[in-house]
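Worksheet: one structure, shown below.
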Amino acid sequence: GIQVEQSPPDLILQEGANSTLRCNFSDSVNNLQWFHQNPWGQLINLFYIPSGTKQNGRLSATTVATERYSLLYISSSQTTDSGVYFCAVAGGTSYGKLTFGQGTILTVHP
Amino acid sequence: NAGVTQTPKFQVLKTGQSMTLQCAQDMNHNSMYWYRQDPGMGLRLIYYSASEGTTDKGEVPNGYNVSRLNKREFSLRLESAAPSQTSVYFCASRKGDRLNTGELFFGEGSRLTVL
């Protein structure tokens, strides 16, 4: 199956800083999503982005499918951005099964 | 519009007991999933159902059974719980079937402890 690797595993920021999270995958994909798991454990959909670029407020994401990676940008970080960010993918041989990366733990200090 | 609803939210079992986690979605989605989340392990797929009447094993199916009762409901059963099944369980659904496209939506999670 598809392998998914996220980096960095941990990230500590001061409020107001910018950050970039990366998701590498081992095969071609036609489904890629970014999720935020908040400190209460809820999984919140950020982007459905199998290719191209999207923006939503301070967050944006870019997927370069031909080079097998996706980036999540967080600008002007806030303490509420803290939590775990997951990338999930599915490709040609997945038959609907989405595989998750290990996540990036983000901590934003005031 | 409740989305994906899981019950119970919390459960404590003794080793060897059985239980069923229930999941229902009201988005008319075709695919439904059960994932487990353990510290440092991310989310791992237990079972997947692309449509009513079909189920597929995921990465960690041992010790679990599932039933896709109808299009709305997908249950996960632990026949004889073991401490290794202590975890947070998430149900999810997606509009697509075996085609990979379409956004995945999660329930709130069910925290299971096996003593």
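The values are calculated or read from the model by the stated rules, or taken from the named source; none is laboratory data. Everything numeric in this text was worked out from a predicted model, so none of it was measured. Neighbour counts run over all protein chains shown; Cβ positions are idealised from the backbone, glycine included. Note: areas computed on protein heavy atoms with side chains; ligands, DNA, RNA excluded. Shrake-Rupley method; radii C 1.70, N 1.55, O 1.52, S 1.80 Å.
Structure above, values below:
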| item | result |
| --- | --- |
| Test: residue in segment B:34-51 that is open to solvent by 70 Å² or more (accessible area, probe 1.4 Å), more than 14 Å from chain A (Cβ to nearest Cβ) and more than 17 Å from B:R94 (Cβ to Cβ) | no |
| Selected residue (only one of A:L106, A:L72, A:L46 is open to solvent by less than 60 Å² (accessible area, probe 1.4 Å), farther than 23 Å from B:R94 by Cα and either more than 10 Å from chain B (Cβ to nearest Cβ) or among the polar types (S, T, N, Q) (or both)) | A:L106 |
| Neighbours by Cβ (under 7 Å, 6+ apart or cross-chain): first from segment B:19-32, within 14 Å of another protein chain (Cβ to nearest Cβ) and among the acidic types (D, E); second part of a strand (DSSP E or B) and open to solvent by 50 Å² or more (accessible area, probe 1.4 Å) | none |
| Unmet requirement for A:P39, which otherwise passes all of (1) farther than 28 Å from B:A50 by Cα; (2) surrounded by fewer than 20 Cβ atoms within 10 Å (Cβ to Cβ); (3) modelled with pLDDT of 95 or more; (4) of a type outside the set (S, T, Y) | (3) |
| Count of segment B:52-64 residues which are charged (D, E, K, R), part of a loop (DSSP other than H, G, I, E, B) and either open to solvent by less than 50 Å² (accessible area, probe 1.4 Å) or within 25 Å of B:P83 (Cα to Cα) (or both) | 1 |
| Residue that is most open to solvent (accessible area, probe 1.4 Å) [pool: residues in segment B:70-82 that are part of a loop (DSSP other than H, G, I, E, B) and either more than 17 Å from B:T5 (Cβ to Cβ) or facing chain A (nearest Cβ under 7 Å) (or both)] | B:E79 |
| From B:Q85, B:Q11, B:Q17, B:Q22, residue being open to solvent by less than 40 Å² (accessible area, probe 1.4 Å), modelled with pLDDT of 95 or more and either of a type outside the set (A, V, I, L, M) or closer than 25 Å to A:L32 by Cβ (or both) | B:Q85 |
| Flag for B:V60 being touching a helix residue (DSSP H, G or I) at 6+ places or on another chain (Cβ under 7 Å) and either of a type in the set (G, A, S) or more than 10 Å from chain A (Cβ to nearest Cβ) (or both) | no |
| Top-ranked residue of segment B:88-115 - restricted to ones that are within 13 Å of another protein chain (Cβ to nearest Cβ) and more than 20 Å from B:G42 (Cα to Cα), ranked as surrounded by the most Cβ atoms within 10 Å (Cβ to Cβ) | B:N100 |
